[in-house]
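Participant: Handing you a structure now.
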Amino acid sequence: MSQPHNASHSEDFRNALTENIDQVVFAYQVDTQEFSYLNPAFEEVFQLKRNTVNPSGLLQMVHEEDLEYVREVYEQLLAGEIKKRMEFRILLAGKTERWLRVKPFLLQDNGKRVLAGLAEDITDLKRYTEVEQKFSNKKNAILQILSHDLAGPLGQIQALSSLVATRVKMYADEDLGKVINIIRETSKGSLRLIRDFIEQEFLESSETTLLKSRVNIVEILGEVIEQYRASQQNEQKTFQLSSSDPSIYVEVDEVKFFQAIGNLIYNAIKFTHDDGTISVRVEDKEDTDGQSTVLISVEDNGIGIPKKYHGSLFDKFTKARRPGLRQEPTTGLGMSIIKTIVEWHNGRIWFESEENKGSIFYVEIPKN
């Protein structure tokens with residue numbers, strides 16, 4: 001049976017580990033405002049010498065859009081709050097932008113406060129995620145456009161074929177009746193296929209775990225709206241995006257959260273006439289407890305939601321399910337999953353609606 005390593009061996013192992021890993025290991029003396037330890041990876045990530053580092057100089061490297069966020073998290077840590085991670089940008093020499101992920105924690109060492117933790121360069125991961133998110137936005141928009149552009153005509157074909165079938169009965173033409181029935185059943189089956197495909201996408205989305213990162217929500221929503229605006233079926237609709245600030249950063253699971261917001265936008269499209277307007281707004285706010293939050297609203301001037309469905313709209317398989325103005329399919333699961341995704345982000349969703357005047361949906365989530 002092997003014997004446990006003694007204290008010196010354990011210390012040698014820790015030293016070897018911290019001196020050779022790619023992540024930055026740091027220890028910052030809060031009261032004296034100096035670093036008591038930085039491993040060699042610091043020089044690679046920050047492109048600075050460890051023996052000449054100045055804490056105030058490091059703070060000056062933080063991107064101006066992230067400076068307030070970094071200071072806020074620092075104060076929260078000193079107040080005893082636990083932060084699993086934080087993400088922000090720094091500017092190296094030549095204004096090269098790099099993303100960092102820091103996992104900090106506050107320690108007490110002989111009565112002295114020490115801020116210690118790990119930091120890693122996640123720039124490449126961020127770039128990969130941004131590309132992945134853009135493709136995900138396109139995929140979601142294409143699915144919704146597919147539903148919008150194909151389901152409408154197919155629904156009309158199904159309805160008209162049923163009408164024609166009724167009218168031609170008087171001719172007692174069996175062959176003609178069979179042809180019309182084929183048209184009707186084919187269009188009906190195609191509509192079901194589109195509905196099932198979109199439903200499966202939402203079900204798969206709701207069954208995976210959250211992978212949060214800090215993103216500019218205004219920028220990504222702009223990309224989402226552009227995808228919908230590009231659809232030929234939406235040419236006569238007006239899309240508007242406004243925000244309280246040009247850039248608003250929030251920690252979310254990009255794929256899931258923007259799929260939820262994208263579905264709210266798509267619902268607005270489905271139930272708004274061609275000359276209507278869909279407006280999306282993002283606001284940086286504080287709730288009644290002083291917590292920083294982001295409020296997103298999706299508003300339309302469409303046909304609205306009947307009052308009898310207001311209480312059950314977010315239920316699974318709600319009776320509020322209905323096809324769009326062009327007979328676009330609905331799963332009846334969409335609003336339930338959207339609510340689930342919002343609640344996973346510790347947020348809330350609610351709405352206001354009046355028949356023949358339109359609807360406005362609100363989503364509020366904490367910034368971090």
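Participant: Leaving ligands, DNA and RNA out of it, report the carbon-plus-sulfur percent of the accessible area of the stretch 16-141 at a 1.4 Å probe.
Facilitator: After summing per-atom areas, the C and S share lands at 51 percent.
Participant: Equivalent-ellipsoid semi-axes (√(5λ), Cα gyration tensor) for the stretch 9-86, whole Å, largest first?
Facilitator: Square roots of five times the eigenvalues give 24, 17, 12 Å.
Participant: In the stretch 216-300, carbon and sulfur make up what percent of the accessible area (probe 1.4 Å)?
Facilitator: Here it works out to 38 percent.
Participant: If you don't mind, another one. Considering only protein heavy atoms, with the full assembly of protein chains and a 1.4 angstrom probe, order 67, 264, 193 by accessible area, largest first. The partial results should precede the final answer.
Facilitator: Working: 67 40, 264 10, 193 125 Å².
Ranking 67, 264, 193 by accessible area, largest first, yields 193, 67, 264.
Participant: Give the ranking of 345, 63, 273, 310 by solvent-accessible surface, highest area first, calculated with a 1.4 Å probe.
Facilitator: 273, 310, 63, 345
Participant: Also, I was wondering about something else. Leaving out ligands and nucleic acids, note down the accessible area per residue over the stretch 36-90 with a 1.4 angstrom probe, in whole Å².
Facilitator: 60
Participant: Next question. Residue 166 accessible area, nearest 10 Å², 1.4 Å probe?
Facilitator: Residue 166 exposes around 90 Å² with every protein chain in place.
Participant: Which value, in Å² and to the nearest 10, is the accessible area of residue 174 when all protein chains are kept and the probe is 1.4 Å?
Facilitator: My reading of the accessible area for residue 174 is about 130 Å².
Participant: Right, another one. Using the Karplus curve 6.51 cos²θ - 1.76 cosθ + 1.60 with θ = phi - 60°, work out ³J(HN,Hα) for each residue of the stretch 239-250 in order, rounded to whole Hz, and write x for Gly and Pro.
Facilitator: 10, 10, 10, 9, 8, 6, 9, x, 10, 10, 9, 8
Participant: While we're looking at this one, here's another question. Quick check: net charge around residue 242, other residues with Cβ under 12 Å of its Cβ, Lys/Arg +1 and Asp/Glu -1?
Facilitator: Numbers: positive: 281; negative: 245, 283, 299.
Around residue 242, the surrounding residues sum to -2.
Participant: Tell me, what is the per residue accessible area of the stretch 235-274 in Å², probe radius 1.4 Å?
Facilitator: With the other protein chains kept in place, the stretch 235-274 gives 33 Å² per residue.
Participant: Here's another thing I want to ask about it. Filter the cross-link list 126/339; 237/339; 83/339; 212/256; 95/367; 95/285 down to pairs whose alpha-carbon distance in this structure exceeds 20 Å.
Facilitator: 126/339; 237/339; 83/339; 95/367; 95/285
Participant: Extent of the stretch 73-124 along each principal axis, from alpha carbon coordinates, in Å, largest to smallest?
Facilitator: So the three principal-axis extents are 40, 19, 17 Å.
The values are calculated or read from the model by the stated rules, or taken from the named source; none is laboratory data. These figures come from a predicted structure and were not determined experimentally. Positions of Cβ are generated from backbone atoms using ideal geometry, with glycine treated the same way; all protein chains shown enter the neighbour counts. In case anyone asks, the SASA skips ligands and DNA or RNA and just uses the protein heavy atoms, side chains included. Shrake-Rupley method; radii C 1.70, N 1.55, O 1.52, S 1.80 Å.
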